[in-house]
Structures are given as structure tokens and as C-alpha cells.
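Please read the structure below before turning to the comments.
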Amino acid sequence: MFEAPKIQVTYNARLRRARVQFAASECMKARKPPASVLAKIDEKFREEKEEGHIEYWEVFAKRFDELWQHIRSLGDKVSPNHQIKFTIGQGGRRYEEMQILVKQSSQGPAYLLSCHFSEKRMASVSFNGFIFNVILKFKDLKLDF
């Protein structure tokens, strides 16, 4: 019988980011990443929302599963001790100051990102939060990437 994979989960409260770290050998112990890890991360984000620290979050379960399967497919080509670090979830607030405009042209749609932040506000927005808002805006436009 296989033993359960050992995955370290950390949460950065300043960046509102959840990460996992594990040895490549852990992927060989189970066909899929343990659901308990995803549940633990989701619960942490739920607590953060209830406390008013974030408005939304996303756990990148599909991407994590794809990474897990890729490492498994490498087999002996990857060192069992190789450490994997993966951002598995992100939380934050929506920034209404950010807009993505879609313009149609003969070559297809063009996307224009505009931001109207004050200097003080911009200094308080983390890069992760900014990028995650861009991703959310694209999802609002029903674009999957």
C-alpha cells in the first residue's frame, strides 16, 4: 500500500497566496494530489474572506493536477529529491480601477488594460494581486487561458 504524500502547505498573509512544496518522489506515491491539501487551502481562504481580508480567491486545482501528472510522467528522469514549489491559490480584492476594454479589428479582438490608481493606492497593491485581478477581468470576459 502506498503512503500518503507529504506536502507542505504555506500561506503568505501579506500576498494572500497559498503555496505547496514537496519532493518529486511524493508524486509517485499517489496517482493524484491528495484532496485534503486542496480542502485545507480552500478552508484557509474561506476563513480569510470571513475575516474581511479578501473578497475572492481561487485554488488552482486543475493546474496542480496537471503538474502532478507531468512529474509522474517524467519517472526516472527527475531526481526524487527535487523540491517542487507551486503557487496553488491566490486571494485578494477586486480593483474597480482596472478595466479591460475589448476592441474588434479585422485581425480579431484586441484587449486594452487601463488602470487609474492613485500613487498611494498603487503602492499598496501587490504584484500578485494586480496580476490576479487581470486574470479575473479576463475571466469576466469569458476568456479561458
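The values are calculated or read from the model by the stated rules, or taken from the named source; none is laboratory data. Since this is a predicted model, take the numbers as computed values, not measurements. Neighbour counts run over all protein chains shown; Cβ positions are idealised from the backbone, glycine included. With ligands, DNA and RNA removed, areas are computed over all heavy atoms of the protein, side chains included. Shrake-Rupley method; radii C 1.70, N 1.55, O 1.52, S 1.80 Å.
Tabulated data for the structure shown
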read-out	value
Per-residue SASA entry for Lys29, accessible area with 1.4 Å probe, Å² rounded to 10	40
Relative contact order [Cα under 8 Å, 6+ residues apart], the chain, whole percent	25
Two-site FRET efficiency, Lys62 against His82, from Cβ-Cβ distance with R₀ of 22 Å, rounded to 0.05	0.45
Kirkwood estimate for region 54-117, i.e. one over the average of 1/r between Cα atoms, Å	15.8
Efficiency of FRET between Arg93 and Glu119 - r from beta-carbon atoms, R0 22 angstrom, step 0.05	0.75
Cβ-placed point charges (K, R +1; D, E -1), dipole of region 11-145 about Cα centre in debye, nearest 20	280
Local electrostatic count at Ile54 - Lys and Arg +1, Asp and Glu -1, tallied over other residues with Cβ under 9 Å	0
Shape metrics for the chain, restricted to C-alpha atoms - Rg then Dmax, Å	18.4, 59
Helix-only [θ]222 nm of the chain, DSSP H runs n ≥ 4, -39500 (n - 2.57) each, per residue, nearest 500	-11000 deg cm²/dmol
FRET efficiency, 1/(1 + (r/R0)^6) with R0 30 Å, evaluated for Leu112 and Glu55 via beta carbons	0.75
Shape category assigned to region 88-145 from the gyration tensor of Cα positions, a/c cut at 1.5	oblate
